[in-house]
Structure formats: structure tokens, C-alpha cells
Amino acid sequence: MSVEFLHTMVRVSDIDAAKRFFCDGLGLAEVTRYDNEAGRFTLVFLASPADIERGGGVPAGASPTSLNIPMIELTWNWDEKDYSGGRNFGHLAYQVDDIYAATQRFADLGVTISRPPRDGRMTFIRSPDGISVELLQKGKPQAPKEPWASAPNIGAW
């Protein structure tokens, strides 16, 4: 099984303040940004300059999953300002060679599949301590297939 760490997602209530903290304070650099008007959110991916250099730089238009560097994903939901109760921590993300095999492996271990890979691209599960973990298909999504294509979400992801 091949697995690669991608990023850790944290929700932020003020994207500019968060960038000042992580970029100006910690020294991370913005790798890529995605603004979604319809969903009313912004994703900003940050990495250390050393990790960016070690990964060979960031080509123009690169997607976060195409880069071989550990990152922090700042998620700013434009309309939400209060993340009490630890809601500011989002998830860990890993890239896998076969989303269906990885999902089945967790199902066989008795792990609830919170968000099945209906699209052949993404699964969400939770660790025994409730940590949300996102699994992403390496490369292009696989064709949808059962039993996952029609499986419902279970709980929160």
C-alpha cells in the first residue's frame, strides 16, 4: 500500500489574521489559493519554503494534490465566525493509490465510512479518537462503483 501525507486542514475565522500568523510569524508561504463563490469559502494552502524547495518548487496552476510537500490548508468559511468546541481543526489528508481498496480496508477493520468514495475520488473516516481523516485518490478519480456509489454519508466528516 502506498500512502502520502498531503495536508492538515484548520478552519479560520479571519483569513488575513491567519495568514499573518502562519506566513509572517511562522514563515510559511502561500502555495495555492482557491476561492469558491458558490460555496462561500476560500482554501489557502501553505508550506515552508524549505519543503517547497525540497519538493522541486510549485509550478503555475499546480493543484495541492499534485505537489509532494506537506502543507497546512486554511479553510475560511465566509459566513461562519465562531469555531467553538474544537471545530477549527478539520482533518488530516492522505493520498492513496486505490481509493476503493483503502476504503474497504478501513471498512474491514470496522471503521465507519463517514463519507464514502461515491465519486471515486474522496473518502472521509474518523480515527478511534474522532480525528477526521480524508483519503484522496492519487491521480484522476476512479469510475464510480458499488457498493460505494450509492452508499450514504454516516455521521459527520
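Assorted remarks:
- The chymotrypsin sites (Phe, Trp or Tyr not before Pro) found in the range 69-137 that occupy coil by DSSP, while having at most 13 further C-beta atoms within 10 Å, are Trp78.
- Ratio of Rg to Rh over the range 1-123 (Cα coordinates, Kirkwood Rh, two decimals): 0.99
- The chain - share of DSSP beta bridges that are antiparallel (%, nearest 5): 75 percent
- Using 0.36 nm per residue and subtracting the Cα-Cα separation, the extra length available between Ile154 and Met1 on full extension is 52.5 nm.
- 3J(HN,Hα) couplings calculated from phi for the range 4-12 with the Karplus curve 6.51 cos²θ - 1.76 cosθ + 1.60 (θ = phi - 60°) are, in sequence order, 10, 5, 10, 7, 10, 9, 10, 7, 10 Hz; Gly and Pro show x.
- Assigned charges on the beta-carbon of Lys, Arg, Asp, Glu; the chain dipole about Cα centre (debye): 280 debye
- Val31 long-range amide H proximity, modeled H, under 5 Å: Phe45, Leu46, Ala47
- Contour excess over end-to-end distance, with Cα ends at Gln142 and Glu80 and 0.36 nm allotted per residue: 19.0 nm
Read the figures in this text as sums done on the coordinates, not as results from a lab. Note that this is a predicted model, so its numbers are computed, not measured. Because the Cβ atoms are built from the backbone with ideal geometry, glycine has one as well, and the counts that use them run over all protein chains shown.
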